[in-house]
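Here's the structure, in structure tokens; my notes come after.
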Amino acid sequence: MERLKEGYRRFLSRADRRLYESLCGGQKPHTLVIGCSDSRVIPEEIFSVGPGELFVLRNVGNLCCTDNPAVAAAIEYAVGHLGVSRAMILTHGDCGAVKAACHPEHLEEKGILAWLGGESYSGDSLEEAIKKWGVRQLERLSEFPIVKEAVSRGRLQTQLLFFDLESLRMDIYVGDEWLELGV
């Protein structure tokens, strides 16, 4: 706890108090990010954004299980209530959930097995499997009624990104291919 308390003290010493006061009136994020719970992948840090800019839903494997009430509620709130203009799936290299889907027989945790459900590992490499996993999540997101409607009205864009932990490379899925996101 001491480490966290020290971190909070550092936060207080540099926090933009006016920004936080302004956020008390409500939030207006521009992007919904459905990302992984992996502690190494922090959307706010990767995209260099501040408080109030992203509405982030993190779960094991960045799954877009729209039949799960928590996932559905986050998407509906971000798209319907907050009016985000972008909804993205953020996948990442070295994803433990995708690895687990490759060898589910090694999992002892029933909660993880249930959460991963019917997800499968498909690909010749871990990166290829992660990217295919991401495409499935993007398809689910795109078919969710509130997302589908917002996209058809031109109020929302959907995107899929892959962040490589080792090289810090970011790839974007465009059409049916992956392109390196230029910097």
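The lone criterion from (1) part of a helix (DSSP H, G or I); (2) out of contact with any helix residue (DSSP H, G or I) (no Cβ under 7 Å at 6 or more places or on another chain) left unmet by Glu108 is number (1). Considering only residues in the stretch 56-97 that are within 12 Å of Asp38 (Cα to Cα) and of a type in the set (Val, Ile, Thr), the one that is modelled with the lowest pLDDT turns out to be Val60. Of the helices (runs of 4 or more DSSP H) lying entirely inside the stretch 15-94, the ones with 1 or more residues being closer than 29 Å to Ser125 by Cβ and β-branched (Val, Ile, Thr) are found at 43-46, 69-76. So, of the residues in the stretch 105-120 that are of a type in the set (D, E, K, R) and without any contact (Cβ under 8 Å) to a residue 12 or more places away in the chain, which turns out to be nearest to Lys132 (Cα to Cα)? Across the stretch 105-120, the extreme among qualifying residues is Glu105. The residues listed here are Gly26, Gly52, Gly7, Gly61; of these, the one that is on the phi > 0 side of the Ramachandran plot and surrounded by fewer than 12 Cβ atoms within 10 Å (Cβ to Cβ) is Gly26. Filter the stretch 121-136 for residues that are over 25 Å from Ser85 (Cα atoms) and free of Cβ contacts under 8 Å to residues at least 12 places away in the same chain; which is surrounded by the most Cβ atoms within 10 Å (Cβ to Cβ)? Looking at residues that are over 25 Å from Ser85 (Cα atoms) and free of Cβ contacts under 8 Å to residues at least 12 places away in the same chain, I get Gly123.
Residues of the stretch 80-91 include at least one that is more than 21 Å from Lys131 (Cα to Cα) and crowded, with 20+ Cβ neighbours inside 10 Å.
Please tell me if Ala129 is over 15 Å from Cys64 (Cα atoms), in a helix (DSSP H, G or I) and touching a Gly at 6+ places or on another chain (Cβ under 8 Å). Against the criterion (over 15 Å from Cys64 (Cα atoms), in a helix (DSSP H, G or I) and touching a Gly at 6+ places or on another chain (Cβ under 8 Å)), Ala129 qualifies. In the stretch 137-158, of all residues being out of contact with any helix residue (DSSP H, G or I) (no Cβ under 8 Å at 6 or more places or on another chain) and either closer than 28 Å to Trp115 by Cβ or not charged (D, E, K, R) (or both), the one that is surrounded by the most Cβ atoms within 10 Å (Cβ to Cβ) corresponds to Leu138. Cβ-Cβ contacts under 7 Å between residues 6 or more apart (or on different chains), taken from a first residue in the stretch 164-183 that is exposed (fewer than 13 other Cβ atoms within 10 Å of the Cβ) to a second residue that is not β-branched (Val, Ile, Thr), are listed as Glu166/Gly93; Leu179/Asp171; Glu180/Arg169; Glu180/Asp171. Within the option set Cys102, Cys95, being within 23 Å of Met170 (Cα to Cα) and either crowded, with 17+ Cβ neighbours inside 10 Å or touching a residue at least 12 places away in the same chain (Cβ under 8 Å) (or both) holds for one residue only, Cys95. In the stretch 68-86, the residues that are over 12 Å from Arg155 (Cβ atoms) form Cβ pairs under 8 Å with partners that are part of a helix (DSSP H, G or I) and modelled with pLDDT of 95 or more, at six or more places apart or across chains, as follows: Ile75/Leu141; Ile75/Ile146; Ile75/Val147; Glu76/Ile146.
The values are calculated or read from the model by the stated rules, or taken from the named source; none is laboratory data. All of these numbers come straight from a predicted model, not from anything done at the bench. All Cβ positions, glycine included, derive from the backbone under ideal geometry; neighbour counts span all protein chains shown.
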